[in-house]
Amino acid sequence: MKWEPLALPGCYVLHRPIFQDARGAFCKLLDADEVSGIFSDFQVKDAYTSTSHKNVLRGLHFQYPPEDHYKLVTISAGQALDVLVDLRGENFGKVDCVKMDAQQAFTTIAITKGVAHGFLSLSDRCTLNYLTSSSHSKVSDSGVNWQSIDLDWPSKNPIVSKRDMELPAISGLLPWPAVLNVKTNIIDTENSHSGGSHLPQSDIR
């Protein structure tokens, strides 16, 4: 199996086959050698799972340096429209999306640093699994408002958390790498994450 490049540089998709028999189904979720071929310094720091009802929209999330990260997102149940937004230089604001269907394959999206991620659940039960190369940081955590990107979403009235509704519009963000100099200067390292991860109650992703 090979990673297929997406429209955003440094982002890829991989469709893993599902092996089924009378007992049920089996599928590999991670191959470290495959990942090192695209992200040579990738090491898993955090792993998450989200289960969403139909019409739930989560995102679009990213983390500022020094806690920015590579992210692997794999669907294991249901259907989703996975959406990426480039925050870097000349590609700033460019959008790409992949429709994922766990009945067909356990699709993995590999997302590089400087790209925001979100998705819309297209089925009654949708499960996504995330692996990230840095831990969650309240100080570095941010995102892009879903309504502000150049995408004709299939749902005009999705279910969105209060936190995600209040994310800034993309027009209010600075492109990578200009944003690096701004954000790394204001990050409070005393309060930033180091060690185990504890998502705050208000951070319902």
Checklist (1) buried (at least 19 other Cβ atoms within 10 Å of the Cβ); (2) under 17 Å from the mean Cα position of the chain (by Cα); (3) hydrophobic (A, V, I, L, M, F, W, C) applied to LEU151, failing item: (1)
Of residues in region 56-97 being β-branched (Val, Ile, Thr) and under 19 Å from PRO158 (Cβ atoms), the one farthest from the chain's Cα centre (by Cα): VAL56
Sole exception among (1) within 12 Å of the chain's Cα centre (by Cα); (2) under 19 Å from LEU30 (Cα atoms); (3) at pLDDT 95 or above for MET100, by number: (1)
Residue within region 55-67 that is touching a strand residue (DSSP E or B) at 6+ places or on another chain (Cβ under 6 Å), at pLDDT below 95 and of a type in the set (Gly, Ala, Ser) present: yes
Filter pass, GLY89 being under 27 Å from ILE170 (Cβ atoms), among the small types (Gly, Ala, Ser) and in contact with a Gly (Cβ under 6 Å, 6 or more places away or on another chain): no
Residue count, region 37-82 (criterion: touching a helix residue (DSSP H, G or I) at 6+ places or on another chain (Cβ under 8 Å) and in a loop (DSSP other than H, G, I, E, B)): 4
Hits in region 1-36 (condition: assigned to a loop (DSSP other than H, G, I, E, B), open to solvent by less than 70 Å² (accessible area, probe 1.4 Å), in contact with a Lys or Arg (Cβ under 9 Å, 6 or more places away or on another chain) and over 17 Å from ASN129 (Cα atoms)): ALA7, LEU8, PRO9, GLY10
First in region 40-54 and of a type in the set (Phe, Trp, Tyr), second anywhere and surrounded by fewer than 13 Cβ atoms within 10 Å (Cβ to Cβ) and modelled with pLDDT under 90, Cβ under 8 Å, 6 or more apart: PHE42/SER36
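The values are calculated or read from the model by the stated rules, or taken from the named source; none is laboratory data. What you see is a predicted model; the values in this text were computed from it and never measured. Cβ: placed from backbone, ideal geometry, glycine included. Neighbour counts: every protein chain shown. Surface accessibility is based on the protein's heavy atoms, side chains included, excluding ligands, DNA and RNA. Shrake-Rupley method; radii C 1.70, N 1.55, O 1.52, S 1.80 Å.
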